[in-house]
Each structure stands twice: as structure tokens, then as C-alpha cells.
1. Report, ordered by the first and then the second residue, all pairs with beta carbons closer than 6 Å, sequence separation of six or more or different chains, a first member in region B:355-373 that is under 15 Å from B:R293 (Cβ atoms) and outside the structural domain of B:V338 (by TED's automatic domain parsing), and a second member that is in a loop (DSSP other than H, G, I, E, B) and basic (K, R).
2. Only residues that are under 15 Å from A:Q239 (Cβ atoms) and among the aliphatic types (A, V, I, L, M): list them for region A:264-290, please.
3. Against the definition (touching a Ser or Thr at 6+ places or on another chain (Cβ under 8 Å), surrounded by fewer than 19 Cβ atoms within 10 Å (Cβ to Cβ), at the interface with another protein chain (Cβ under 10 Å from one of its Cβ atoms) and assigned to a loop (DSSP other than H, G, I, E, B)), how does A:N326 come out, yes or no?
4. Only one residue in A:N213, A:N159 is of a type in the set (S, T, N, Q) and within 30 Å of B:F585 (Cβ to Cβ). Which one?
5. Among the residues of region A:115-125, which ones are within 11 Å of chain B (Cβ to nearest Cβ) and closer than 20 Å to A:L300 by Cα?
6. Would you please list the contacts, defined by Cβ atoms under 8 Å and residues six or more apart or on different chains, that run from a residue in region B:461-472 that is free of Cβ contacts under 8 Å to residues at least 40 places away in the same chain to a residue that is assigned to a helix (DSSP H, G or I)?
7. For region B:64-71, state whether one or more residues are within 14 Å of chain A (Cβ to nearest Cβ), surrounded by fewer than 23 Cβ atoms within 10 Å (Cβ to Cβ) and either among the charged types (D, E, K, R) or in a helix (DSSP H, G or I) (or both).
8. Looking at B:V127, B:V166 in this structure, which one is within 7 Å of chain A (Cβ to nearest Cβ) and among the aliphatic types (A, V, I, L, M)?
Amino acid sequence: MTTEELEQLLAQQPVALLHRLARGRVHRQFRAGKRRLIELLLQHSGHNRAGLESDLQTLIGERHAPSESGSPHIHRPPAIAHKKASPHRAEPESTETAVSLSAWLEGIGVPAPQPFIPDPWQTEALSAVSETDVVISVPTGSGKTYVAVEAARRAMEDNRTVIYTSPLKALSNTKYTEFSKTFGPDKVGILTGDRQENGQAPLLIMTTEILRNLLYDAASGEIDIRLDTLGLVILDESQYIADPERGVVWEETIIFCPSQAKLLLLSASIGNPQDIADWLTSIRSTACRLVRHSKRTVPLRAGYLHPNGKLTPLFRTVGIPYGHPNQLHPEAKRLFLEYEDETLPSGRQRR
Amino acid sequence: MPPSIHPVDLIAALRQRHLTPAIVFLTSRRACDEAMEAFDHADLVLPPVRQEAIGTALERVIAQYPSITEHPLIPIVQRIGVAAHHAGHLPSWKIAIEELMRQGHLDAVFATTTLAAGVDFPARTVVITQSSIRKSRDFTDLTIGEVQQVAGRAGRRGKDHVGFAVITPSPYIDLAVLTKGLTGQPEAIDSQFTISYPMVLNLLKAHPHEQIQGILAKSFAQFQLNQRAELLEHKLDALHVQMEPFGPRVCTDWITQWQTFDHARRHRHTRHQTHRSESPEISARLPFLSPGRVVGLSRGRGIVLRQYRSKGQKTSMLTILRPDGAVTECPVTSVKEVYDRTCDFVETPTYPWCSTDTFDRLSHQLEELPSRLPVLPILTSTSHEPLPDAIVQSMGDFPCPTCPSRPACQKDFITASRLRQEQQRHAKSIQALRASLWHRFQERVNVLQKFGYLTLATQLTIEGEWARLIRIDHSLLITELIRAEAFTGGDLSLLAGILASLAHDDDRPGAFPRISAGLSSLLGQVRKLAESLSPYEDPPLLRADVAALVERWVADPTLTWIGLCRLTTMAEGDIYRLLARTLEFLSQVQALKSMHPSLAESASRAITLIRRGVLEELP
């Protein structure tokens with residue numbers, strides 16, 4: 001093998017293999033990049049060319065042999081490379097051709113304005129909330145706000161007070177501006193830790209902590225927040241109930257919420273919304289209604305953008321293959337492997 | 001190849017494919033700021049029409065929030081249509097960017113994943129660059145819920161046919177986490193119910209002690225504990241079924257009966273068991289080398305005082321009384337002859353293993369022994385045989401050896417006792433699950449009684465009546481400080497400074513050059529008190545630099561916002577949040593009007609002093 005041939009062969013190998021080859025040959029090999037590593041290896045081979053070549057052949061052989069053969073390596077190949085080597089049988093789609101970039105990008109753009117028609121789940125939630133507590137668990141951006149606004153409007157038409165809480169002051173402020181536009185500034189008030197405006201309005205926006213404090217004060221008979229006219233409590237982002245520090249506030253609020261007020265819990269997709277609904281049913285006077293769906297209103301597609309600017313779909317399918325995380329687009333897989341080979345030092349293992 | 005895509009290339013690529021507007025989620029604030037710097041000389045300028053539109057929109061927002069008039073990012077926003085949006089910025093800046101984004105003026109916003117939940121604006125595309133986020137110093141993988149929360153920002157209802165989540169790698173990214181996150185079902189959530197001191201006080205204010213257990217039972221925490229308890233109960237039921245064949249036999253509680261018998265038998269067995277390394281001759285001798293036996297050694301005779309096993313080697317050893325009154329220890333192997341002669345004595349548990357009188361008598365007897373003694377003939381059994389039934393039967397008061405159900409008991413014991421242990425464990429866990437919240441509540445009650453906020457009859461004391469209004473973190477420390485009259489000097493800036501150091505729980509480094517003597521001595525006191533309270537409440541960070549910063553802001557009304565920001569290395573947004581949190585704490589102190597009127601007055605004056613400049617402009 002001439003030096004050029006060897007150099008070419010080395011250049012074809014992934015950097016992880018080169019690192020293994022360089023072990024014991026090159027000082028502090030884990031610090032060197034691919035090109036530098038090849039240089040150093042070739043320098044080294046001056047003394048013991050044959051040894052280097054034979055080691056290289058063994059390593060290449062090992063790499064191509066399926067790892068199940070039990071070859072004793074310390075380094076297992078990167079997880080994805082492994083999958084590539086042994087085609088997985090679990091996926092029937094793997095024989096289909098993967099989607100092309102143009103097909104993936106198709107349909108991009110702005111839809112023509114359409115009259116707003118509420119989704120069936122929104123209608124369902126709205127009709128339920130007039131009678132009982134409702135838990136809504138839908139993906140981000142599905143239109144939970146529409147339900148909140150409509151439910152608040154209906155309650156206010158019935159001369160009922162509405163409280164809307166959000167976990168963050170910033171979100172409360174945004175909602176205050178938004179609702180003031182929708183209902184008129186005199187109908188909306190805000191109470192946060194350091195801001196109190198229009199506290200007598202029929203629709204009050206506050207952080208959940210403030211509502212919890214109000215409920216405590218009301219329980220000890222100190223203040224009157226018109227609890228008897230309170231018709232609806234909307235808890236936005238109620239997946240916060242699982243927040244390690246603040247989650248307890250949501251529980252306290254729900255426990256002490258007066259029974260004549262209906263609860264409307266808006267939550268992003270969570271794994272166990274049924275539990276939340278069952279819990280509400282067990283502690284409140286009426287059976288809680290759960291409204292859930294996992295389909296996004298605007299479909300989502302996933303892509304992979306390589307640092308060199310090349311864009312490919314991430315999955316074989318146009319949309320996201322729910323439940324099949326391994327159906328990667330071959331091009332995305334190849335590019336990512338390349339990326340890992342370039343950036344991961346050989347000593348570091350993918351988990 | 002660079003470790004991750006250059007921001008300018010990223011925007012160019014997104015624009016080329018019509019994937020804008022986009023939100024680019026980056027690991028850190030610094031990454032966002034560096035991305036902005038990268039656009040300084042970029043030639044990605046927008047057409048003049050759009051630049052103008054952004055300018056007009058910006059002017060409108062600036063009119064509302066003058067604090068961002070001179071924001072350093074404005075030129076980039078206007079020229080290129082990209083912006084950074086993270087917690088280091090003032091809320092007014094974030095509101096401005098959100099507004100511009102909503103109106104569709106911007107092509108991209110660079111934000112941190114940490115705040116994905118707080119970002120309330122959608123885009124056509126979301127760019128994800130990492131698979132883990134920093135959670136209190138450590139990086140943890142994004143959960144499925146978090147990935148979906150981030151990706152969920154893509155695709156605006158009514159403005160997009162489809163949304164795009166684009167992954168672009170950066171070092172340490174784990175693609176599997178992201179693909180799993182995109183395609184998976186979000187995780188189930190768990191209750192994080194904790195019982196705080198103000199919660200106990202407020203509950204006891206409104207409800208009698210005996211009702212509290214019922215109230216705690218209404219929590220989601222208890223609901224989930226009950227779910228787990230029910231699971232265990234199902235297991236318990238299954239165990240009951242499995243236990244049926246092992247019901248009462250000759251004795252009702254045969255499992256315990258067999259267990260004690262078995263234990264005794266095994267114990268006995270080990271005591272009789274000879275060590276493997278001992279030859280049959282030696283083991284055959286052992287039963288005869290009882291205390292009082294006269295033996296012949298290589299040099300002279302002796303009387304055995306006790307037999308034992310050496311600690312390490314477990315070889316059989318003897319303690320022997322020698323003719324000259326010496327007591328020696330020697331292995332059984334050194335015994336040459338075992339004579340057919342014993343001396344009577346009562347063994348005692350300590351050296352010299354018999355009473356002093358006996359000892360003298362034995363020495364005397366040893367001297368008096370005739371020169372020839374009959375040797376005991378000891379038969380050596382060739383193999384170790386199991387203990388004859390006779391020995392087992394002789395054991396204590398156990399009816400088992402003769403019991404008719406003995407074979408059945410012996411056969412079933414292992415299964416039955418394992419099942420019963422499992423039963424007991426489950427029963428215990430169920431009890432713990434059902435009562436844990438109540439126990440935690442009681443623990444808090446005990447502490448509050450100890451500090452005098454509750455009477456022994458769990459009524460609120462005068463102290464408890466006002467302390468329940470402090471419903472923030474570190475409430476015990478704050479109420480104790482108030483009781484210790486730490487703030488009586490009426491110095492507003494000190495009060496604000498201390499509350500700031502209690503309120504600020506961020507460990508991002510900050511620096512402040514000078515800390516006044518008064519503040520540092522007061523902080524020292526607070527730290528001492530916090531340490532003494534640490535068994536009952538986690539101590540706060542008590543950072544001196546944030547205390548000094550807020551103290552200065554309150555003490556010097558001429559200090560401008562810019563001036564304040566120059567005093568520290570903290571980011572503008574962090575200073576803002578610090579002051580806002582301090583305001584929240586002060587407003588809780590302000591609520592103590594009836595019991596601590598002067599303190600409440602100080603708090604309300606401090607609030608007025610803090611709320612100026614940027615803090616006044618913002619909601």
C-alpha cells in the first residue's frame with residue numbers, strides 16, 4: 001500500500017475508527033480532528049507501517065461485521081450506524097421510498113381567509129362548561145383561547161363573574177390586553193403581585209397565586225370577592241400542576257374553588273388527562289368532562305437542516321410518523337451520522 | 001465543518017425555502033446574543049418597504065414603552081428583521097418583539113428553550129438546536145411534553161397550511177431524544193403537592209383541625225397516592241388468593257410456628273456443625289472436650305475451662321488450666337489424650353471462665369491427680385451424618401417434629417412465608433400512602449407550635465394570625481425576622497435589600513462593588529437566623545450583591561435605570577425580575593397593617609420608591 005492509498009483509505013473511515021486506531025500511537029489522540037489525526041497516523045507509520053495497516057484492516061473488518069457476532073469491542077458503534085447496518089424488521093414502511101424535499105415543502109403558504117368555524121371539540125367543550133367542570137387537553141396552538149373567550153362571554157352574559165388565571169405575569173398581561181380588546185376595557189380587570197387594575201370588572205385576570213390567596217382569604221371570611229356570583233374559573237396552562245415548585249398552588253386553587261363556579265382547565269397535551277378529570281369528579285359536585293384530542297389544527301412536519309445549509313425531511317413520511325420514532329429519512333440519517341462523526345470525540349459515546 | 005449552522009446561513013436557508021417567520025430556540029441567552037452579533041455586518045438586508053414597515057411598527061411600540069428607545073438591537077431588527085427574545089431582556093422589549101412577530105414583520109426570533117412556555121407567539125417554523133435544557137445547574141434531556149411544547153409553536157392557525165419543526169444539530173445534540181419527542185405521547189404528570197407553613201396556618205384559620213385531613217384528601221396528590229394504594233390493594237387481593245392453600249393447619253399460625261422452629265433448628269445445627277477443615281478425629285473429640293475435662297497435652301496435663309472457635313479461622317480452640325495455675329489457649333489439635341475424668345464446675349461468661357474459688361479448687365485438683373489416668377476411647381465416624389431425629393426432637397417445646405403436617409409445612413414454608421412477607425409489605429405501604437400527607441401536615445403543625453404560631457390546641461396565636469398572610473417562599477424566615485424586630489430601624493432601603501436577597505433565587509453570577517456596612521451586618525444576622533432555621537426550612541441564597549443593588553435603587557431616587565444597570569453585571573431582564581419579585585415580597589409585608597403598622601408603612605413607602613422609571617412604565 002502506498003502512502004497515498006493509505007491516506008485515502010484512512011480518509012474514508014469515520015473519525016471514531018481513526019481515534020481507535022490512533023490509540024497508543026498518537027499522543028493525546030482524542031484532541032485531534034480528522035485531518036490532523038490522519039497526518040499524525042501517517043507520520044507514525046514511518047516506524048511501523050505494517051502494524052498500522054493490519055490494525056486498520058481488522059478495525060474495518062470489525063466495523064462491517066454485524067456487531068452481534070460478538071466481536072469484543074470496547075466501543076460500540078453509534079446507535080444509528082448500528083441500525084443502518086442491520087435493517088430493522090419492525091418497520092414495514094422501510095421498503096417504501098422516502099419523501100422528497102419538494103413533496104415535503106409542498107403546501108407551504110398562507111391559506112385563503114375562511115369564515116371561522118369552531119372545531120367539534122371546541123363546541124363540545126363549550127356546551128359542557130355551562131353545566132359542569134371541563135378539562136381540555138389539546139396540542140399547543142389548537143385554539144384553547146377561543147374556548148376560554150367564548151365560555152367567559154357566556155358566563156358574563158349570565159351576570160356571572162369570571163376569573164382567568166395564567167402561570168406567568170407576562171402571560172396575564174398579554175391576556176389582559178387581548179381580552180380588553182375583545183370585551184371592552186371596562187369589562188376586564190387584572191390582579192397580579194404588583195398590579196391591580198379595574199378590580200370590580202366581571203372578568204378578572206390574575207396569576208394563579210393571587211387567586212389562591214383570594215380563596216384563602218375568602219375561606220377565613222375576611223374579604224368578599226363576590227364568590228357567590230363567581231360563575232367560571234379558567235385555569236390556563238394547567239399542566240403547571242406538575243411544576244415542582246408551584247404546582248401545589250394549582251391544587252390548592254382547585255380544592256378551594258367554590259362549588260357553584262365551574263372550572264375550566266386548559267392544558268397542553270399531557271399523558272394522563274383522564275386522571276385529572278377523575279380527580280375533579282371525585283372532589284367536585286358534578287362529574288368532570290374531559291375534552292382531549294391529539295390532532296393538530298395546523299399539521300406539523302419535521303425537517304433536518306445540516307450545518308452546511310442542506311435541508312431534508314427528518315422522517316420518511318411527509319407528516320410526523322406518530323409512534324414510530326425510527327422512521328428517519330435516509331438522507332437526514334446519513335447527514336446526522338456524518339455530523340456526529342465530525343463532532344464527537346471517539347472517547348465520548350452516544351447514550 | 002462548523003459545529004452548528006451560522007445564524008446568517010440559517011436565516012438565508014429559511015428565507016430561501018419560504019420557511020419564515022421562524023422561532024429559533026437556542027441553548028442559552030448568550031447563544032441568542034451571539035447570534036445577534038453575527039448579523040452585525042450581514043448582507044441579508046430586507047427590502048426598504050419591509051424595513052419601513054418595521055420602523056413604523058417599532059415607533060408605535062416605543063411610544064408605549066420609552067425604555068427601549070435606545071435598545072442596541074433595534075438597528076438589526078429593522079435592517080434584517082431578526083431579534084433576540086430571552087429572560088435577559090426587559091419585558092417591554094419582549095412585548096415589542098412579540099407584537100412585531102404577531103404583526104408578521106419579523107423573519108426570525110432567537111429565543112431560549114427555557115422560556116418556551118412563556119413565549120406566546122406562533123410562527124411558521126420552529127428551529128430546534130438542542131435536545132437538553134439546563135435545569136438548576138444540570139442539563140437534562142427534554143421530555144416529550146417539552147419537545148411538543150417547543151415544536152407546537154410552529155404553524156399559525158389561519159396563516160399557515162402547515163407548520164415546520166426543523167432540527168439543526170449543535171454539539172451534544174441527541175437526535176433520538178428529539179425524534180422520540182416529536183413522535184411520542186407526552187408523559188403523564190404527577191402531583192408536586194407540598195405542605196408549606198402558610199398553608200397550614202391558613203387551613204387552620206378557616207377550618208378546625210379535625211377537618212383538615214378531609215381537605216388534604218381532596219388534593220391531586222392524595223388522588224394519585226390513592227391510585228397507587230389501589231394498585232397495591234389489587235396485588236394484596238391477588239396475594240390473598242394465592243395464600244388460600246396455606247391457611248390454618250394443625251396450628252393456626254403455622255408459618256410463624258415453622259419459622260421459629262426452623263430458625264432454632266438451623267441455629268442448633270450451626271452450633272453442632274464442625275468445620276470442614278477439621279479431621280474426623282478432631283470433630284469426634286469435640287463433644288467430649290467439655291468444660292471440666294482433664295486432657296493430656298504435649299507437656300503435662302490440663303483442665304478444659306471452655307471450648308470456642310477462633311474468630312478468624314473458626315478452628316476449635318480450648319482454654320486450659322495448667323498445673324502451675326496458668327491459663328492457656330490452645331487448638332484442639334494440640335490435645336494428645338482425652339482422659340476419662342472430669343471435674344465439676346460452673347462455667348462463668350468471663351475470664352477465668354469460673355469463679356475464683358473454683359479456680360483455686362481446680363488448680364488443686366489438677367495437682368492431686370494420679371500419675372496414670374484411663375484414656376477415653378473415642379470412635380471416629382468416617383462421614384458427617386445429618387443430625388439424628390433424636391436431637392431434633394429434643395429441641396425445646398416445638399411440636400413440629402412430631403406433627404402430622406410437618407412434611408407439608410416444610411414443603412410450603414418458603415412460598416408461604418414469601419407471600420406473607422409481601423402481604424405485610426404491601427399493607428404497610430398502603431397505610432403509608434393513605435396517611436403520608438396527613439403526617440407531613442402534622443410535622444408542620446409541630447414546628448409551628450414550637451415557634452409559637454399555633455397553640456397546643458392548634459389554634460392560631462396572635463403571631464400566627466399575621467404570619468399566615470406571608471404566603472411566599474421562606475415564609476418562616478421572614479416571619480421570624482419580623483418577630484426578631486430585624487427591620488425596626490425603619491430604614492426602607494435595608495428592608496427592601498434584605499427582602500430582595502430572600503426573593504432572588506437565581507444563581508447566575510452577578511457582582512456589585514460596594515456593600516454598605518449596615519446592610520452587610522444585617523445580612524449576617526439574617527444568614528445566622530436562616531442557618532438556625534435550616535432544619536425546618538431550606539435557607540435562601542441570600543446573595544449580598546442583589547441586596548446591595550436593590551438597597552441602592554431605593555436609597556437613591558436620582559439613580560436612573562441605566563445607572564443601576566451599570567452598577568452590576570446582571571442582565572437588564574434579571575434586574576427587572578429581581579425588583580418585581582422584591583415588590584411582591586414587599587406587598588406581602590404591606591398586608592401586615594394591623595399587627596405591624598410601622599413595618600407595613602415602611603413596606604408601602606419602599607414599594608412607591610421602587611416603582612419608578614422602567615418599573616412604572618410596565619404593567
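1. Here the result reads none, with nothing in region B:355-373 linked to a residue that is in a loop (DSSP other than H, G, I, E, B) and basic (K, R).
2. Applying the first criterion (under 15 Å from A:Q239 (Cβ atoms)) to region A:264-290 yields A:264-277, A:279-280, A:290.
Of everything in region A:264-290, those that are under 15 Å from A:Q239 (Cβ atoms) and among the aliphatic types (A, V, I, L, M) turn out to be A:L264, A:L265, A:L266, A:A268, A:I270, A:I276, A:A277, A:L280, A:L290.
3. Working: touching a Ser or Thr at 6+ places or on another chain (Cβ under 8 Å): yes; surrounded by fewer than 19 Cβ atoms within 10 Å (Cβ to Cβ): yes; at the interface with another protein chain (Cβ under 10 Å from one of its Cβ atoms): yes; assigned to a loop (DSSP other than H, G, I, E, B): yes.
For A:N326, the condition - touching a Ser or Thr at 6+ places or on another chain (Cβ under 8 Å), surrounded by fewer than 19 Cβ atoms within 10 Å (Cβ to Cβ), at the interface with another protein chain (Cβ under 10 Å from one of its Cβ atoms) and assigned to a loop (DSSP other than H, G, I, E, B) - is met.
4. A:N213
5. A:D119
6. B:E463/B:T479; B:E463/B:R483
7. We begin by selecting, within region B:64-71, every residue within 14 Å of chain A (Cβ to nearest Cβ); these are B:64-65.
If we keep only those that are surrounded by fewer than 23 Cβ atoms within 10 Å (Cβ to Cβ) as well, we get B:64-65.
Now drop any that are not either among the charged types (D, E, K, R) or in a helix (DSSP H, G or I) (or both), which leaves B:64.
So far as region B:64-71 goes, yes, one or more of its residues are within 14 Å of chain A (Cβ to nearest Cβ), surrounded by fewer than 23 Cβ atoms within 10 Å (Cβ to Cβ) and either among the charged types (D, E, K, R) or in a helix (DSSP H, G or I) (or both).
8. Working: B:V127 fails: within 7 Å of chain A (Cβ to nearest Cβ).
The conditions single out B:V166.
The values are calculated or read from the model by the stated rules, or taken from the named source; none is laboratory data. Note that the coordinates shown come from a computational prediction; the quantities given were computed from them, not determined experimentally. Positions of Cβ are generated from backbone atoms using ideal geometry, with glycine treated the same way; all protein chains shown enter the neighbour counts.
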